[in-house]
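Read-outs throughout are calculated quantities, based only on the coordinates presented, and are distinct from any laboratory measurement. Since this is a predicted model, take the numbers as computed values, not measurements. We place every Cβ from the backbone using ideal geometry, glycine too, and count neighbours over all the protein chains shown.
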2 protein chains.
Amino acid sequence: MNYLNDLRQLLRDDQVSVSESVRELHSKNESYHTPALPDVVVFPESTEDVSRLVAFANDREIPVVPFGIGSSLEGHAIPVHGGVSLDFQRMNQILEVRPDDLLIRVQPGITRTEVNKELKKYGLFFSVDPGADATLGGMAATNASGTTAVRYGVMRDQVRDLEVVLADGSIIHTGGLAAKSSSGYHLNGLFVGSEGTLGVFTELTLRVYGIPEEMMAVRATFPDVESAVQTAVTILSVGIPVAKIELVDELSIQKINAHNGTSYEVTPTLFIEFHGNTAGLVQDAQFARELALDKGCLIFQQEIDSKARAQLWEARHHLYYAFAHSVPGKRVMTTDVCVPLSELAGAVRNAQQIVQELQLEGGVLGHIGDGNYHTLLLLNPNDSEELARAEEANARIVEFALARGGTCTGEHGVGLGKRKYQQKEHGEAYHLMATIKKAFDPKGILNPGKIFS
Amino acid sequence: MNYLNDLRQLLRDDQVSVSESVRELHSKNESYHTPALPDVVVFPESTEDVSRLVAFANDREIPVVPFGIGSSLEGHAIPVHGGVSLDFQRMNQILEVRPDDLLIRVQPGITRTEVNKELKKYGLFFSVDPGADATLGGMAATNASGTTAVRYGVMRDQVRDLEVVLADGSIIHTGGLAAKSSSGYHLNGLFVGSEGTLGVFTELTLRVYGIPEEMMAVRATFPDVESAVQTAVTILSVGIPVAKIELVDELSIQKINAHNGTSYEVTPTLFIEFHGNTAGLVQDAQFARELALDKGCLIFQQEIDSKARAQLWEARHHLYYAFAHSVPGKRVMTTDVCVPLSELAGAVRNAQQIVQELQLEGGVLGHIGDGNYHTLLLLNPNDSEELARAEEANARIVEFALARGGTCTGEHGVGLGKRKYQQKEHGEAYHLMATIKKAFDPKGILNPGKIFS
């Protein structure tokens, strides 16, 4: 830390902290990964602050690790090589709402619920909804998604432009305000999902949507996971434009009931949402109901009333926390594979079997319209034997997915936890990714130790 | 061409041609750009053919220029530095249809209508529809789009995986079969739109869609361009999920009538298409009609019958050729800017004024749901004075778009024609693009002279 005095010259005193408690807060996130302390935590207030800081770090070869709100599930913000934790909590403003362009320009430290609170005044909403109330900078860094991706796309699909500070401190824009472009290389797409390893985001211009005229929520229960999955695949194949379609298995329903005080039937369940006009919704839901009954659906409960709808979705959205808080002292390891739709039923059944075989407690749920599902595994991170079993389950679930053309991470990102699968998943292309990293960050200061081993 | 004998060792005799007429065919495309002859034309039949050829070319530092069907409007396939034209006409197979995964795997030389003919058997369709019957490899190279992008997205949104031969002849896959991924850098997005400058595509896995239950086409006429554009923007803002929404101005309607024998009212017109279920469509169209009438719509003609629909859209789809063939000996230069929706009405009016001021013949039409419009300018490519005026019009239209956060090319790509605007549009990011190019293709053999000046 012989660089600290020089670093202090770049910023005001209250923007730099070496206090034990502040560093401790920036040593970990919601994941099960081992914490690691940064040397120092810095709170930038402008793009220029970030630019100065990164140029300095590059000059001295000091690691720079961006920090949003710490909701990563794969240890993205853990400074495994020390250095500077760059906390964006003071860069949390909405800079511009452009309702006629269906765009919003924000700083990276703002969270998605804050953005939606503002957009509601314009009859607009931002579509991406990971479980956590993550920052938009963090969501762009990991290419986050959530329940609405099946209709509105993932984070990458919403990013129209990023202001990025590169390793040498220079500032670029990766896109523009136009809805489409064939002009030059797709830097938007390259930086989204780059997990802080190619540059640091200082501003985001994002696509937003008009709040649909009407919404309808459905809870559909099934005798087994297979009939639930098959129903979902059929609904998508016939082109019914569902806005959300989520699978929740038996154990997960139990956790929901325990956490939310609901009394849903403990059986595999689909939560579905339709967006559109009233007449279209009724017909879509009617068609979906027929398809579901045909596959053995037990209950098909529709809710158009907004309060009842909110209640239904609250249950689904809090599921991660329902698991995390269900056994004191335990943490959650979550798998995040995504497979082709035709492999989904088999993959979910396989995951349930693996959990059982390895004597773990874990439920399956997921964004099955995209073929993305999670196995939430409860574990005591200090119990190395239990941790090893959970890691084996994760590895076997990943292996199953990769063998079928799937991916080791559908939406949580690589971070620390999925590095070991990168070479296998990408083959020769992994070396090309390393070439990009080397070209963008020759000294390796940008979030070192993430994505690449 | 002292390399020709060695090149012949790599392939069968009938895969290599130096005939004047074959080289002539590969010297140009549909654009107004000056032709340039390749040294030799090669017809690969497999990924291995391409790999061997590219490795050889890299070794000898010979330019390699992929050629699809020659429908580029910006000279992408013109071998401005000579070398090898790589014609994909023999790699035109559908390799696999995966209806349950809503995916199709194809070779790059197949055209979009051939793909759709096959998909129809499964009740599926491929959404991207540029004016020309382009090859899918070419469409991926330029990130093509067309009328349906407003609902289904552009070419980049459909690409799940590419098999790519890199400059050194190695073969990679850029993605997988999963609908979402947060695993590693977004190589899919980087290669789509790279115009043959980063690698050569040998296989594409693409997303397809279920054919919607019902479609409805609408022709809506307006007293002026502004009320037409405002209607389009309002329809999008309230969230009516139109599948297509196209503007055609007065002159373009005249060309349509002359080319197709129709007698549409000569006034700014919106062509709209709705996809969905019957009840929803009727309500969507009804709502759109109210919004249109409110803005001064003169006629709002609905067609649900598939023949009448096809007729309506045929008119729109053939517009480029209607222009191109309307005056013998003339060719078309088309602008391709894309602007934020709030700037669209002003941009279209501005374009019309520029055409008038410069005494050119040119109509405006476009995919206005995305803010993307074209000014089709008729010119005699041998009349250098007329060409200069057309280029000035193009430049002024681009300048207007860039000043408002737009792009110089919404869907046609950079090629030769838009190189001169890259630095201005991308600023510092342009240098980062050059860094990528250098890292991927250190010897500069891959389609040299495109994108970068």
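For the range B:343-393, the gyration tensor built on C-alpha atoms gives a prolate shape. Its axis ratio a/c (a ≥ b ≥ c) is at least 1.5, and a/b is the larger of a/b and b/c. Distances longer than 20 Å among the Cα atoms of the range A:3-87: what percent of all pairs is that? The answer is 27 percent, as a whole percent. Among beta bridges identified by DSSP and lying wholly in chain A, the antiparallel ones come to about 85 percent. Go through A:362, A:256, A:342 and say which Cα lies farthest out towards the positive end of the charge dipole of the range A:214-403; charges sit on Cβ, +1 for Lys and Arg, -1 for Asp and Glu. Of the listed residues, the answer is A:256. Residue by residue along A:408-415, Cβ atoms of other protein chains within 10 Å of the local Cβ number 4 on average. Charges were assigned to the Cβ only: +1 to each Lys and Arg, -1 to each Asp and Glu. The resulting dipole of the range A:220-333 about its Cα centre is roughly 420 debye. Legend: P(r) of the protein assembly as shown from all alpha carbon pair distances, 20 Å bins from 0, whole percents, reading 15, 47, 33, 5, 0. When every Cα-Cα distance of the range B:172-281 is counted in 5 angstrom steps from zero, the calculated P(r) takes the values 2, 9, 14, 13, 10, 11, 15, 13, 9, 4, 1 percent.
Can you give the calculated 222 nm mean residue ellipticity of the protein assembly as shown, where each DSSP H run of n ≥ 4 adds -39,500 (n - 2.57) and the sum is split over every residue, rounded to the nearest 500 deg cm²/dmol?
Details: 34 runs with 326 residues, N = 906.
Roughly -10500 deg cm²/dmol at 222 nm, from the helical runs in the protein assembly as shown.
Shape verdict for the range A:299-453, please, from the Cα gyration tensor: rounded (a/c under 1.5), prolate (a/b greater than b/c) or oblate. It comes out prolate by the Cα gyration axes.
Taking every C-alpha pair closer than 8 Å and separated by at least 6 residues, the mean separation divided by the residue count of chain A gives a relative contact order of 16 percent. For the pair residue B:258 and residue B:453, label points projected 7 Å from Cα toward Cβ lie 3.6 nm apart.
Footprinting exposure proxy ranking of B:385, B:361, fewest other C-beta atoms within 10 angstrom first, gives B:385, B:361.
With K and R counted +1 and D and E -1, the other residues having a Cβ less than 9 Å from that of residue A:203 yield a net charge of -1.
Counts of other chain beta carbons within 10 angstrom of each beta carbon in peptide A:270-278 average 3. Across the copies of the chain, residue A:45 has label points (7 Å from Cα along Cα→Cβ) spaced 7.0 nm apart, shortest distance listed first. Take the convex hull of the alpha carbons in the range B:214-403; its mean projected area over all directions comes to 10.2 nm². Starting from the Cα of residue B:350, step 7 Å toward the Cβ, then list every residue of the range B:400-418 with an amide N under 12 Å from that point. Only B:400-408 pass the distance filter. Farthest towards the positive end of the charge dipole of chain B, among the residues B:430, B:275, B:327, is the Cα of B:430, using unit charges on the Cβ of Lys, Arg, Asp and Glu. Rounded to the nearest 20 debye, the dipole size of the protein assembly as shown about its Cα centre is 300 debye, using +1 on the Cβ of Lys and Arg and -1 on the Cβ of Asp and Glu. Note on chain B: Cα-only Rg and Dmax are 22.1, 70 Å. Annotation: amide H-H contacts under 5 Å for residue B:331 (H modelled 1.01 Å from N, sequence separation of 5 or more, or interchain): B:379, B:380.
Shielding of peptide A:425-434 by partners, expressed as the average count of other chain Cβ atoms within 10 Å per residue Cβ, is 6.
The Cα atoms of the range A:256-346 cover 49, 35, 24 Å along the three principal axes, with the biggest extent listed first. Shape class for the range A:95-219: prolate, because the ratio a/c of the largest to smallest gyration tensor axis (alpha-carbon atoms, square roots of eigenvalues) is 1.5 or more and a/b beats b/c. When the C-alpha to C-alpha distance is required to be over 29 Å, the pairs from B:28/B:244; B:330/B:420; A:117/B:180; A:180/B:420; B:418/B:438 that qualify are B:28/B:244.
What FRET efficiency comes out for residue B:61 versus residue A:299 if R0 is 51 angstrom and r is the Cβ-Cβ distance? Round to the nearest 0.05.
Working: r = 68 Å, r/R0 = 1.34.
Between residue B:61 and residue A:299 the formula returns 0.15.
Quote the FRET efficiency, to the nearest 0.05, computed for residue B:214 versus residue A:265 with a Förster distance R0 of 41 Å and r equal to the Cβ-Cβ distance. Efficiency, rounded to the nearest 0.05: 0.70.
Tally Lys and Arg at +1 and Asp and Glu at -1 over the other residues with C-beta under 14 Å from the C-beta of residue B:56: what net charge comes out? Net charge around residue B:56: -3.
When +1 charges are put on Lys and Arg Cβ atoms and -1 charges on Asp and Glu Cβ atoms, the dipole computed for chain B relative to its Cα centre reaches about 360 debye.
Label separation (residue A:234 vs residue B:382): 6.6 nm, computed from points 7 Å beyond Cα along the C-beta direction.
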